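Colleague: So that we are looking at the same thing, I have put the structure below in structure tokens.
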Amino acid sequence: MSNILVIVESPAKAKTIEKFLGKNYKVVASIGHVRDLPKSTMGVDIENDFDPKYINIRGKGDLIKSLKTAAKKADKVYLATDPDREGEAIAWHLAYILGIDVNSPCRVTFHEITKDAIKNAVKVPRAIDVKLVDAQQARRVLDRLVGYSISPILWRKVKKGLSAGRVQSVATKMICDRERDIINFNPQEYWKIEALANLKTSKEQLKLDFYGDVSGKIVPETEDRVNQILSELKNHDAIISKVEKKKKYRNPYAPFITSSLQQEASNRYGFTTKKTMIIAQQLYEGITIKGHGTIGLITYMRTDSTRISEVAKESCRAYISDKFGDELLGKDEKKQKNSKNSQDAHEAIRPTMVELSPTEIELSLNKDQMKLYDLIWSRFVASQMASAEYEAHSVEIKIGDYVFRVNGSKLLFEGFMKVYSLGSQEDHILPDLNEGEIIPIATYNPSQHFTQPPARFTEASLVKEMEEKGIGRPSTYAPTISTILSRGYVDKDKKSLKPTELGFIIDEIMNDYFANIVDIDFTAGMETKFDNIEDGEESWKNIIRNFYQPFVELIDRADQEIEKVDLTEETDIDCEKCGKKMLIRHGRYGKFLACSDYPNCDNTKPILKKLGIKCPLCDDGEIIERKSKKLKIFYGCSEFPRCNFVSWDMPIDRRCPKCGDLLVVKKTKKQELIKCHSSTCDYVEQN
């Protein structure tokens, strides 16, 4: 009997897979990469045609030794890392360390961690796909050249600890450009006119919206124009000129890809992109399900393709027919269209076993796992269901030369929405109205409005924009956003991403000296070139050669011309140790106060955001805003650790009328309440 060693990246995945294979298999984990470019140097031999200088990752010596020992004892070694470029590169590095011929059948791939998928995969091992490895090397080397060339300039000219990157700098630019649009936005005045009509058949007044005149839409821009329209409406009957009823259909969405899953999880549950991917990884690698053992619940979660296998489709359609009836089964002709930038390397994200409905396995999952699995399962099932059917009702009312409109709708057939909710689906049913009917107008209500600036990006909308513009790939969205947040280029204000002063400075330097690096078309074009390498159409070193010569000229110019940026800000705060003025400086964790007489005086202290509210526990301190290790805002006493008052909800300067504790603002998705801070007091009021 053969003794076969299978190497995967994660211990959780190893544990799941080992249960599916027989006694002849041993499954171990590499815990990610085992070789990489060194952290302390560029790690790319520019003089020797950009050869990467890989080294064994520090701290993994014992792990590598154990892998070598296990490989020597095995008759065969299968490298079963993730089925993407990064996974192929990890397998390639493992083959190098273990002395495995990359052209031998040593590579095993699967897109779901189920018993059948794993057993079928080990039956058809293949050689390592060097084209995939080259595509990953091209990205790694290019990003290293960019980051390790520009970052030292930022350290010297701005401050230590900064970084620049091909994708992260473009993401920062997008957020900064949006903020500039908001700052420079010039609001334009416009007016709406609402008419309220009294109907004999209804106690409620019917609201009509001003549209324009018989020639087209009109948007009144001034109060004078509104008054002119109102005067012309007088002494004219409101006559129903058109009544239309027609059926409309809403088609189900395609199953999730990485970006759409990140967006929906953010919009529905407030998950960050990083949190979504962590939970999805857990669902993919394996959860212990009562009655089923440990199985991977979803397919591979890094994908940009909406394609699903015929087997999965037929299984899903059989499930729908059995559970909901054939009337809710969609036509078997829907072809899901992939994005133009899609690699189509994997299936969409879907449940591995459609019969494991969320309610079936609810007790085996934690709260967040349940939310994400429910989202993935219901979206997949809905994709094979019938379209929702509405009756759309539109009415046009003519008053003199002007036109008002009102629309309504009624859900006739819920279709896919039986399993995948799209939010509020309340009907807006209009009363029976007939063409030529005169309806009495009770009053006209004009209202002034102003155009609004574009909204700041959220994580969800930034991912959507990056995907649409071809910036990055499924595996890069979450780490890119995490990087620009951790570097202090961007802050989160609730869900919104707002550039910091430092973010603007870095963006201006990048725009002035490395415009092509932060050019969206250039970045998207590079992604296409990586795809071409994977397809065997281009050489990865040729792409690096063409990039490097003009780039190094930019580096030389930037190093000479960029002037040192002084981020220090003066204050009128006296140092309590020596009496000199304190300065605002930038550190690893943001701004802080430091004595201007440094190094003679090394006094520093944090900048406190005070709420102007006395602490209810000690009366000596003030309530200040703080941030947890995970950068979540909470509120505490300025006298901490002597006083341990803390609140996740923002306190206000009012006391509870029942118990005398502070009142706090409790915000949920649906409402905002003012409640008592005390856990033993039930006082609540609407804000």
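The values are calculated or read from the model by the stated rules, or taken from the named source; none is laboratory data. Worth saying up front: this structure is predicted, and the values here are computed from it rather than measured. Because the Cβ atoms are built from the backbone with ideal geometry, glycine has one as well, and the counts that use them run over all protein chains shown. Remember, those area values only see protein heavy atoms, side chains included, never the ligands or the DNA or RNA. Shrake-Rupley method; radii C 1.70, N 1.55, O 1.52, S 1.80 Å.
Colleague: If Met510, Met650 are ordered by their accessible area, calculated over protein heavy atoms with a 1.4 Å probe, which sequence runs from highest to lowest?
Modeller: Output order, biggest surface exposure first: Met650, Met510.
Colleague: Right, next: Give me the number: length gained by fully extending Gln560 to Asn644, i.e. 0.36 nm times residue separation minus the C-alpha to C-alpha distance, one decimal in nm.
Modeller: Stretched fully, the Gln560-Asn644 segment lengthens by 25.1 nm.
Colleague: Would you please give the FRET efficiency between Ile239 and Gln452, computed as 1/(1 + (r/R0)^6) with r the Cβ-Cβ distance and R0 = 60 Å, to the nearest 0.05?
Modeller: 0.95
Colleague: For a quick check: with amide H placed at 1.01 Å from N, whose amide H comes under 5 Å from Phe634's, ignoring anything fewer than 5 positions away on the same chain?
Modeller: Arg626, Lys627, Ser628
Colleague: With each pseudo-label sitting 7 Å past Cα toward Cβ, what's the Arg225-Phe522 distance in nm, one decimal?
Modeller: 4.3 nm
Colleague: Can you tell me what the convex hull of the Cα atoms of the stretch 405-496 projects to on average, as an area in nm²?
Modeller: Average projection, Cα convex hull of the stretch 405-496: 12.1 nm².
Colleague: Here is a follow-up. Could you work out the percent of alpha carbon pairs in the stretch 437-590 separated by over 22 Å, rounded to a whole number?
Modeller: Result for the distance tail: 64 percent.
Colleague: Any chance you could run the full-extension gain for Ser486 through Lys217? It's 0.36 nm times the residue separation minus the Cα-Cα distance, nm to one decimal.
Modeller: Stretched out fully, the Ser486 to Lys217 stretch lengthens by 92.1 nm.
Colleague: DSSP H helices in the chain with Cα extent of 30 Å or more along the helix axis and mean Kyte-Doolittle hydropathy at least -0.5?
Modeller: Once both thresholds are applied, what remains is 130-157.
Colleague: Tell me the net charge near Pro125. Cut-off is 10 Å between Cβ atoms, Pro125 excluded, with +1 for each Lys or Arg and -1 for each Asp or Glu.
Modeller: +4
Colleague: Kindly list the residues of the stretch 453-477 that lie in the label zone of Ala515, defined by a backbone N under 11 Å from the point 7 Å along the Cα-to-C-beta vector.
Modeller: In the stretch 453-477, the label zone of Ala515 (backbone N under 11 Å from the point 7 Å along Cα→Cβ) covers no residue.
Colleague: Computing the accessible area with a 1.4 Å probe over protein heavy atoms, can you report the carbon and sulfur percentage for the chain?
Modeller: Using a 1.4 Å probe with all protein chains present, the chain comes out at 48 percent carbon and sulfur.
Colleague: Give the separation of the Cα centroids, the stretch 434-477 to the stretch 61-83, in Å.
Modeller: 53 Å
Colleague: Taking R0 as 45 Å, what FRET efficiency do you get between Arg654 and Cys578 from their Cβ-Cβ distance, rounded to the nearest 0.05?
Modeller: Efficiency at R0 = 45 Å is approximately 0.65.
Colleague: Among Phe380, Leu567, Met370, which residue has its Cα furthest toward the positive end of the charge dipole of the chain, with +1 on Lys/Arg Cβ and -1 on Asp/Glu Cβ?
Modeller: Going by the charge dipole, the pick is Met370.
Colleague: Taking all pairs of different Cα atoms in the stretch 29-155, averaging 1/r and flipping that mean, what Kirkwood radius in angstroms comes out?
Modeller: Averaging 1/r across every pair of different Cα atoms and inverting gives 16.0 Å.
Colleague: Can I ask one more? Scan (1) 36.3; (2) 41.5; (3) 67.2 for the value of mean projected area of the Cα convex hull in nm² calculated from this model and give just the label.
Modeller: Entry (2).
Colleague: Still on this structure, please answer the following. May I ask you to list the trypsin sites (Lys or Arg not before Pro) in the stretch 41-128 that are in a DSSP loop and have at most 14 other Cβ atoms within 10 Å of their Cβ?
Modeller: Those satisfying the criteria are Lys53, Arg58.
Colleague: Then there is this: So with the 1.4 Å probe, I'd like the accessible area per residue for the chain, rounded to whole Å².
Modeller: In whole numbers, the chain has 52 Å² accessible per residue.
Colleague: Full-extension gain between Glu426 and Leu363, please, as 0.36 nm times their residue separation minus the C-alpha to C-alpha distance.
Modeller: Net length gain for the segment: 19.5 nm.
Colleague: How do Tyr420, Tyr390, Tyr96 stack up against each other in accessible area, from largest to smallest, with a 1.4 angstrom probe?
Modeller: Per-residue accessible area, sorted high to low, gives Tyr96, Tyr390, Tyr420.
Colleague: Hand me the chymotrypsin sites (Phe, Trp or Tyr not before Pro) from the stretch 121-208 located in a DSSP loop with no more than 12 other Cβ atoms within 10 Å, in residue order please.
Modeller: Filter output for the stretch 121-208: Phe185.
Colleague: What residues from the stretch 527-551 fall in the zone where the backbone N is under 16 Å from a label point 7 Å along the Cα-to-C-beta line of Val130?
Modeller: Correct set: 533-542.
Colleague: Taking the alpha carbon gyration tensor of the stretch 583-687, what are the square roots of 5 times its eigenvalues, largest first, to the nearest whole Å?
Modeller: Taking √(5λ) for each eigenvalue gives 32, 16, 10 Å, largest first.
Colleague: If r is the Cβ-Cβ distance from Lys469 to Asp619 and R0 is 56 Å, what FRET efficiency results, to the nearest 0.05?
Modeller: 0.55
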